[in-house]
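Read-outs throughout are calculated quantities, based only on the coordinates presented, and are distinct from any laboratory measurement. Everything numeric here is computed off the predicted structure, so don't read it as measured data. Glycine gets a Cβ as well: all are built from the backbone with ideal geometry, and neighbour counts include every protein chain shown.
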Amino acid sequence: MKKFIIKTAIFLAIITGIDIVAGVIFDYLRTHAEGGMTSRDNYICNELKTDILLCGSSRCVHHFNPQIITDSLEMSSYNSGQDGNGIILLYGRLQMIKQHMTPKLVIYDITPSFDLLQGEDNHRYLTWLKPYYAKKEIKEILLSVDSTERYKMLSSMYRYNSHIIDILVDFLHPIINAENNGYVPLPGKMDKSKIRKNDTTQTPIDYDYDSLKLFYLEKYAEALGNNIVFCVSPIWYGMDTKQLSPVIKLCKKKGIEFIDFSNDPKYVRNDIYFKDGGHMNSMGADEFTKDLIMELRKRKVLK
């Protein structure tokens, strides 16, 4: 029995040591990545300085051209959108960004499934936040999603287990470079095979909202005061705007501008502006960015 206990203790000590060493190694690789999404995340959270900050999901990443904004408004601009993510991640990032700068204006592109509605497990939004768990404000977000994260985070490697391959690639030989001030254009024309058949996007239904997402959406707005605009960029299908009611109410309550292009006839089902049903191509992004600037000027958002 004594030998078993000793062997078990030695085994656990070895596993713990490996975990600690691996965590140190991957933290170094992450913070010294040469490119890719890892380097982009480091820049956004630790170094970014910009006048206009663009936030949202992949629709933000592909729909807002910062160069057009900079050329038109003579203000620096950066696209910090993140594929497959929404308010839970982006609120955390805002807390880190505000530690070294506060943008003059944030334009937040709402994607209902990521920012408002109940859906997939909210753990998915924690992936990019886990490496920053030591920061008090990030720890609070993780624990609000799952209180057991406090125990999982005892493992150094747990913080990186969803990004191990990405971190290695971005350190050794990055495939993607975060150029164009965070913007990733989608070249080419509409791929009809990616259009959902019998789409019911505009069919009114009863929506179930995620209270945690709505909580962080309001905190996000409060953190920026009058320096935020919520918008919905074009979507090929159009959208049942009933699902947007929480953000519309929030904007009325806080006196925030809300700009909705989701059912703009210029864009709805206009193939020349889209790559697929949910994302614009580079031509559409350029056109939309110009229209957004016109709307910002019309509403005197930038005085």
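Against the longest alpha carbon principal axis of the chain, how many degrees, from 0 to 90 and to the nearest 10, is the axis of helix 245-254 turned? Approximately 80 degrees, to the nearest 10.
Given (1) 1.14; (2) 0.92; (3) 1.09, which label gives Cα Rg over 2.2 N^0.38 Å as computed from the coordinates? Checked against the structure: label (3). Annotation: amide H of Val106 within the under-5 Å range of Leu53, Ile228, Val229, sequence separation 5 or more or interchain, hydrogens built in the peptide plane.
Spatial offset of the range 1-27 relative to the range 283-303 amounts to 57 Å, using the alpha carbon center of each. Between the Cα long axis of helix 136-145 and the first principal axis of the chain there is an angle of about 80°, rounded to the nearest 10.
Here the Gaussian network model covers the chain, with springs between Cα atoms less than 10 Å apart; of Ser57, Ser72, Ser262, Ser72 fluctuates the most. What's the angle, to the nearest 10 degrees (0 to 90), between helix 282-298's Cα axis and the longest principal axis of the chain? Tilt of helix 282-298: around 70 degrees. Across the range 163-174, coupling constants 3J(HN,Hα) worked out from phi with the 6.51/-1.76/1.60 Karplus curve, θ = phi - 60°, read 10, 4, 5, 4, 5, 4, 5, 5, 7, 8, 7, x Hz, and Gly and Pro carry x. The phi-based Karplus calculation (6.51 cos²θ - 1.76 cosθ + 1.60; θ = phi - 60°) puts the 3J(HN,Hα) values of the range 65-78 at 8, x, 5, 5, 4, 5, 5, 7, 9, 6, 9, 5, 8, 9 Hz, whole numbers, x for Gly and Pro.
Per residue, the average separation of C-alpha pairs within less than 8 Å and at least 6 apart gives the chain a relative contact order of 25 percent. Which one of Ile97, Ile195, Ile88 has the biggest mean-square fluctuation once the chain is modelled by GNM with Cα springs under 10 Å? So, out of Ile97, Ile195, Ile88, the one fluctuating most is Ile195. Note on Tyr151 and His173: with the Förster distance fixed at 30 Å, the Cβ-Cβ geometry gives a FRET efficiency of about 0.25.
Around the amide H of Phe274, modelled in the peptide plane, lie the amide H atoms of Met190, Asn281, all under 5 Å away and 5 or more residues distant in sequence or on another chain. Seen from Lys290, the other residues with C-beta closer than 12 Å to its C-beta sum to a net charge of -3, counting Lys and Arg as +1 and Asp and Glu as -1.
A helix-only calculation puts the chain at -13500 deg cm²/dmol for mean residue ellipticity at 222 nm, using -39500 (n - 2.57) for each DSSP H run of at least four residues, averaged over all residues. Comparing Cα centroids, the range 73-90 and the range 231-281 end up 17 angstrom apart. Out of Arg93, Arg124, Arg40, any idea which swings most in a Gaussian network model of the chain, alpha carbons joined below 10 Å? Greatest mean-square fluctuation among the candidates belongs to Arg124. The packing ranking, built from the mean of other Cβ atoms within 10 Å per residue, places the peptides 231-240, 291-300 in the order 231-240, 291-300, highest first.
Classify the range 164-303 as rounded, prolate or oblate from the Cα gyration tensor: take a ≥ b ≥ c as the square roots of its eigenvalues, call it rounded if a/c is under 1.5, otherwise prolate when a/b beats b/c and oblate if not. Taking the square roots of the gyration eigenvalues as a ≥ b ≥ c, the range 164-303 is rounded.
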